[in-house]
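Heads up: the structure comes next, in structure tokens.
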Amino acid sequence: MKFRLAFSALVFASLIASGSLFTLPAQPTVDAEGVQVITVTAKKYEFGPSSIHVKQGTKVQLNITALDHAHGFKISPYPDGGDKTGEPGLVFSSQQDCTKIEKGQTATVEFTAQKPGTYSFRCCVVCGFHHHAMKGQVVVE
């Protein structure tokens, strides 16, 4: 019993120290021009948040910060499983390909969410053994 209580206390203390226990998802803000600003982090094999929800017609600004080393961000302008020959669902304010983000730096990706759907994004800079698992999605509702 004492071991179980001590182990539980150790796990709880570790979760608090790492910030994992009380971490809340990033809350989007809307700037004076009506742009939805969302803070995203990129760190060892994960984006935070990995699922981003926006309303159709919204102009979105993703501010992506690489926390541990260089990462990349690439998102398709077409919804998953959708027709890739018509008008894109995400319209970017500048050329969109692989956006490289150096350690400690922040890159901005801006787009208007024109069509509903799920748009997958991924890390496009090889960042380690589990690089292929570093993914997320923007859901336009």
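Read the figures in this text as sums done on the coordinates, not as results from a lab. Everything quoted here is computed from the prediction, not taken from an experiment. A quick note on method: Cβ atoms are made from the backbone with ideal geometry, for glycine too, and the neighbour counts reach across all protein chains shown.
Look at the stretch 115-128: where a residue is on the phi > 0 side of the Ramachandran plot and touching a residue at least 24 places away in the same chain (Cβ under 8 Å) and a partner is surrounded by fewer than 18 Cβ atoms within 10 Å (Cβ to Cβ) and of a type in the set (Lys, Arg), sitting 6+ places away or on another chain with Cβ atoms under 9 Å, you get 128/44.
For the stretch 51-71, the criterion of being of a type outside the set (Gly, Ala, Ser), without any contact (Cβ under 8 Å) to a residue 40 or more places away in the chain and touching a strand residue (DSSP E or B) at 6+ places or on another chain (Cβ under 9 Å) is met by at least one residue. Applying the condition of being in contact with a Gly (Cβ under 8 Å, 6 or more places away or on another chain) and more than 20 Å from residue 50 (Cβ to Cβ) to the stretch 87-141 and asking which residue is surrounded by the most Cβ atoms within 10 Å (Cβ to Cβ) yields 115. Scanning the stretch 86-116 for residues that are more than 16 Å from the chain's Cα centre (by Cα), part of a loop (DSSP other than H, G, I, E, B) and within 24 Å of residue 141 (Cβ to Cβ) turns up 86, 87, 88, 89, 93, 114, 115, 116.
Going through (1) outside any loop (DSSP other than H, G, I, E, B); (2) buried (at least 19 other Cβ atoms within 10 Å of the Cβ); (3) not acidic (Asp, Glu) one by one, residue 41 falls short only on (2). Taking the stated definitions as given, is residue 83 closer than 30 Å to residue 129 by Cβ and assigned to a loop (DSSP other than H, G, I, E, B)? Against the criterion (closer than 30 Å to residue 129 by Cβ and assigned to a loop (DSSP other than H, G, I, E, B)), residue 83 does not qualify. Scanning the stretch 53-76 for residues that are surrounded by 15 or more Cβ atoms within 10 Å (Cβ to Cβ), assigned to a loop (DSSP other than H, G, I, E, B) and touching a Lys or Arg at 6+ places or on another chain (Cβ under 9 Å) yields a total of 3.
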